[in-house]
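Heads up, the thing below is written out as structure tokens.
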Amino acid sequence: MRLLVLGGTSFVGHGIVEAALGSDIDVTLFGRGRTGADLFPQLVRLRGDRDSDDYDSIRAGSWDAVVDVSGYVPRHVDQAMQALDDRVGRYLFISSHAVYETAGLDCGATEDAARRRPLRDTEKIDANTYGPLKVACEDAVWRRYGTRATIVRPGKVAGPRDPSGAFTYWVRRAARGGRVAVPADPRQPVQVIDVRDLAHLVVHLLQDDRSGAFQAVGPSVPITLGGLIEVCAGVAGAEVEVVRVAADGLPPLFPLVRPHWATQQRSAARALKAGMTATPLEVTATDVLAWDRRRGEPALGTGFSCAEERARLTGR
């Protein structure tokens with residue numbers, strides 16, 4: 001199989017490329033060349049820039065499939081498809097579970113749950129526009145490729161190289177032990193997907209030439225936020241006391257805290273049937289802890305600072 005990856009050197013893209021190479025897939029990368037320039041030196045790199053509409057390098061050649069990791073606004077997807085035309089077999093788009101409506105969502109929701117209204121008249125990406133923009137991207141892929149389209153909707157992705165810091169925050173905090181401030185009900189369910197499981201799902205879908213939409217959610221065993229913190233502490237050999245604190249004044253999207261619990265209880269049945277692996281949460285936490293320590297535990301820019309957590313725990 002000849003595979004073109006649009007954006008394959010950052011977190012999710014990196015995982016997909018590694019999984020594809022492990023399955024003897026011939027991978028070509030497309031991107032600006034600014035991130036991970038030292039990665040995958042054996043691969044062909046086609047230079048281009050989606051922000052400046054530069055797709056000249058992919059206007060020739062053909063591939064059995066393309067994986068679009070870096071399409072965030074409809075213009076990105078529309079122009080990539082126009083440049084590739086019919087010189088690709090399958091177009092697999094990495095979307096998000098942010099495409100779904102939250103109102104009225106039931107536990108165990110499948111890929112058929114109601115999506116949000118598509119948004120095409122802005123390219124400003126924030127908490128309110130991200131999901132609707134991804135809906136518009138999905139719709140564009142469906143229209144252009146039909147049964148040759150595949151949509152993967154990951155939940156929160158975790159693993160080494162994660163730039164968001166959401167899962168890493170709890171791994172790092174739990175490893176310090178002691179009283180851990182949680183600005184939510186610790187019984188809140190949490191769904192995180194190991195980046196390697198997401199990558200293996202993508203490869204399976206391509207190899208099996210599967211169309212349709214797939215929710216990539218995990219872990220293998222349902223868990224709560226409090227339980228996740230306990231697991232992270234356990235792999236670090238630490239002891240923690242999970243303490244619920246006031247949630248007032250929190251920034252949006254505090255790490256893994258979600259007000260709508262059903263968004264963290266989606267069904268993974270279709271993805272698992274299609275070949276998605278299920279890495280134990282202990283393995284993900286162990287690998288993230290080791291990676292974070294190797295890189296020197298830089299500032300995450302998310303969650304509580306030590307002073308903020310102390311104030312929440314002491315009330316002053």
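Filtered by the rule that a residue be in contact (Cβ under 8 Å) with a residue 40 or more places away in the chain and assigned to a loop (DSSP other than H, G, I, E, B), segment 12-25 gives S23, I25. Scanning segment 122-150 for residues that are farther than 18 Å from V202 by Cβ and among the aliphatic types (A, V, I, L, M), we see that the one that is surrounded by the most Cβ atoms within 10 Å (Cβ to Cβ) is L133.
Return the residues of segment 39-54 that are under 16 Å from L3 (Cβ atoms) and not in a loop (DSSP other than H, G, I, E, B); say none if nothing qualifies. Those that are under 16 Å from L3 (Cβ atoms) and not in a loop (DSSP other than H, G, I, E, B): V44, R45, L46. Note on segment 114-141: residues that are farther than 16 Å from L253 by Cα, part of a loop (DSSP other than H, G, I, E, B) and either within 19 Å of the chain's Cα centre (by Cα) or of a type outside the set (A, V, I, L, M, F, W, C) (or both) amount to 8.
Looking at (1) modelled with pLDDT of 95 or more; (2) out of contact with any Leu (no Cβ under 7 Å at 6 or more places or on another chain); (3) on the phi < 0 side of the Ramachandran plot, which is the only condition G177 fails? With (1) modelled with pLDDT of 95 or more; (2) out of contact with any Leu (no Cβ under 7 Å at 6 or more places or on another chain); (3) on the phi < 0 side of the Ramachandran plot applied to G177, the lone miss is (3). Based on this model, can you work out whether V171 counts as touching a strand residue (DSSP E or B) at 6+ places or on another chain (Cβ under 7 Å) and of a type in the set (V, I, T)? The answer is no for V171. Do you know which of the residues in segment 9-45 that are of a type in the set (S, T, Y) and open to solvent by less than 30 Å² (accessible area, probe 1.4 Å) is nearest to V157 (Cα to Cα)? Among those that are of a type in the set (S, T, Y) and open to solvent by less than 30 Å² (accessible area, probe 1.4 Å), it is T9. Number of residues in segment 46-55 that are free of Cβ contacts under 8 Å to residues at least 24 places away in the same chain and either surrounded by fewer than 17 Cβ atoms within 10 Å (Cβ to Cβ) or in contact with a Lys or Arg (Cβ under 6 Å, 6 or more places away or on another chain) (or both) equals 5.
Can you tell me which residues in segment 102-111 are closer than 20 Å to V69 by Cβ and over 21 Å from the mean Cα position of the chain (by Cα)? Show your work before the answer.
Of all residues in segment 102-111, those closer than 20 Å to V69 by Cβ come to 111.
Of everything in segment 102-111, nothing turns out to be closer than 20 Å to V69 by Cβ and over 21 Å from the mean Cα position of the chain (by Cα).
For S70, the conditions (1) in contact (Cβ under 8 Å) with a residue 24 or more places away in the chain; (2) open to solvent by 70 Å² or more (accessible area, probe 1.4 Å); (3) under 19 Å from C137 (Cβ atoms) all hold with the exception of (2). Candidates in segment 79-101 are the residues that are under 14 Å from V135 (Cβ atoms) and part of a helix (DSSP H, G or I); of these, the one that is farthest from the chain's Cα centre (by Cα) is V99.
So, in segment 300-316, of the ones that are touching a residue at least 12 places away in the same chain (Cβ under 8 Å) and more than 12 Å from L250 (Cα to Cα), which residue ends up most open to solvent (accessible area, probe 1.4 Å)? By that ranking, first place goes to G301. Within the set T9, T28, the sole residue that is among the polar types (S, T, N, Q), in a loop (DSSP other than H, G, I, E, B) and touching a residue at least 24 places away in the same chain (Cβ under 8 Å) turns out to be T9. The residue that is farthest from D106 (Cα to Cα), counting only those in segment 276-290 that are open to solvent by 20 Å² or more (accessible area, probe 1.4 Å) and within 18 Å of the chain's Cα centre (by Cα), is D287. Screening segment 73-121 for residues that are under 17 Å from P154 (Cβ atoms) and of a type in the set (D, E, K, R) and picking the one that is least open to solvent (accessible area, probe 1.4 Å) gives E111.
Of the residues in segment 184-221, how many are part of a strand (DSSP E or B) and open to solvent by 30 Å² or more (accessible area, probe 1.4 Å)? Talk me through it step by step, then tell me what you get.
Step one: of segment 184-221, the residues part of a strand (DSSP E or B) are 189-190, 192-194, 212-216.
The next check asks that each one be open to solvent by 30 Å² or more (accessible area, probe 1.4 Å); those that pass are none.
Result for segment 184-221: 0.
The values are calculated or read from the model by the stated rules, or taken from the named source; none is laboratory data. Just so we're clear, the structure is a prediction, and the values are computed from it rather than from any experiment. Cβ: placed from backbone, ideal geometry, glycine included. Neighbour counts: every protein chain shown. Just so you know, the surface numbers come from the protein's heavy atoms only, side chains and all, with ligands and any DNA or RNA stripped out. Shrake-Rupley method; radii C 1.70, N 1.55, O 1.52, S 1.80 Å.
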